[in-house]
Amino acid sequence: MNPYLNRVMIRNPGEFFGRKREIARLYTRINTPRPQSVSVIGERRMGKSSLLWFIAHPDNKKKYLTEPDKVILTFMDFQENREMDAEGFCRVVLSRLKEQGLDVPLSAESKAYNSTIETVRRMEERGLKLILLLDEFEIVTQNPKFDARFFAFLRSLANRYNVAYITSSREPLQHLCHAKQIADSPFFNIFTSLHLGPFTRDEAIELITVPSERAEIPLKHYADSLIATAGMFPFFLQIGCSALFE
């Protein structure tokens, strides 16, 4: 079977290649006593979603984190929720936490903002960290349903509790806001930036050689010509490998 056919987000850690420096940096930010927020920035098809999913994967959590049982990683993809508002955002977070076995004081009548604060407070008492991995976060920053109060709320959670955000976007988030008031929000000051660019040569070689060797049709000897054609862009390398493999 052609191992290069998957053109969507990589969900299996065994099929994820490269990005070792970025992975180490993100887990270092999570491992600190107070977790730090990171904005992952990169063009389309650069692997941002796959990187966030890799960070959230339970197997990797156990492998890379010092105290994995003390860290709750919650992945959210906003391409699925383009009509969401602030209350809806909180309700999705709470439902994901409930799925992970946490005590969530949420009913149909309760305010999701208040329930989120109460849930995070209880997590803090148990010594837990909450890391929200927010894919395609510009869908939120560009949505007028999310006002300045919402971003102040997120900043307050990160300031008061062991809460951090890892977002992905195609540009710096301040450039992708629906209003200047949002772009000027101090919420964005809590982030450090991680720019996701093309692969290094070693990473490109890994993508070319490892899957094909596993499938017993090695492409190692074609690595230079594949890189000359596709450059170091993972998506184009995958297309080239797929065509050559077949």
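Computed values, structure above
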| quantity | calculated |
| --- | --- |
| Residues within segment 192-219 that are surrounded by fewer than 19 Cβ atoms within 10 Å (Cβ to Cβ), touching a helix residue (DSSP H, G or I) at 6+ places or on another chain (Cβ under 8 Å) and over 23 Å from GLY14 (Cβ atoms), tallied | 1 |
| Selected residue (criterion: farthest from the chain's Cα centre (by Cα)) from residues of segment 75-84 that are crowded, with 17+ Cβ neighbours inside 10 Å and outside any helix (DSSP H, G or I) | MET84 |
| Subset of segment 157-178 (residues that are loosely packed, with under 14 Cβ neighbours inside 10 Å and under 17 Å from GLU124 (Cα atoms)) | ASN159, ARG160 |
| Selection status of GLN181, open to solvent by 10 Å² or more (accessible area, probe 1.4 Å) and out of contact with any Phe, Trp or Tyr (no Cβ under 9 Å at 6 or more places or on another chain) | yes |
| Filter pass, PHE153 being more than 20 Å from the chain's Cα centre (by Cα), within 21 Å of PHE191 (Cα to Cα) and open to solvent by 10 Å² or more (accessible area, probe 1.4 Å) | yes |
| Residues of segment 39-74 satisfying the condition of being assigned to a loop (DSSP other than H, G, I, E, B), under 15 Å from the mean Cα position of the chain (by Cα) and not acidic (Asp, Glu) | GLY42, ARG44, ARG45, MET46, GLY47, HIS57 |
| Selected residue [touching a Ser or Thr at 6+ places or on another chain (Cβ under 8 Å) and either among the hydroxyl-bearing types (Ser, Thr, Tyr) or buried (at least 16 other Cβ atoms within 10 Å of the Cβ) (or both)] from PHE137, PHE146 | PHE137 |
| Test: residue in segment 220-232 that is out of contact with any strand residue (DSSP E or B) (no Cβ under 9 Å at 6 or more places or on another chain), surrounded by fewer than 19 Cβ atoms within 10 Å (Cβ to Cβ) and among the aromatic types (Phe, Trp, Tyr) | yes |
| Total residues in segment 89-109, condition in contact (Cβ under 8 Å) with a residue 24 or more places away in the chain, open to solvent by less than 70 Å² (accessible area, probe 1.4 Å) and either more than 21 Å from PRO35 (Cβ to Cβ) or part of a loop (DSSP other than H, G, I, E, B) (or both) | 1 |
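Listed here are the residues, each with its yes/no results for (1) at pLDDT below 95; (2) open to solvent by 30 Å² or more (accessible area, probe 1.4 Å); (3) hydrophobic (A, V, I, L, M, F, W, C).
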{"residue": "ARG29", "(1), (2), (3)": "no, yes, no"}
{"residue": "ARG34", "(1), (2), (3)": "no, yes, no"}
{"residue": "VAL38", "(1), (2), (3)": "no, no, yes"}
{"residue": "ILE41", "(1), (2), (3)": "no, no, yes"}
{"residue": "PHE54", "(1), (2), (3)": "no, no, yes"}
{"residue": "ASN60", "(1), (2), (3)": "no, no, no"}
{"residue": "TYR64", "(1), (2), (3)": "no, yes, no"}
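The values are calculated or read from the model by the stated rules, or taken from the named source; none is laboratory data. Every value quoted in this text rests on a predicted model; they were computed, and no experiment measured them. As a convention, Cβ positions derive from the backbone with ideal geometry for all residues, glycine included, and neighbour counts pool all protein chains shown. We work out accessible area using only protein heavy atoms, side chains counted, and drop any ligands, DNA or RNA first. Shrake-Rupley method; radii C 1.70, N 1.55, O 1.52, S 1.80 Å.
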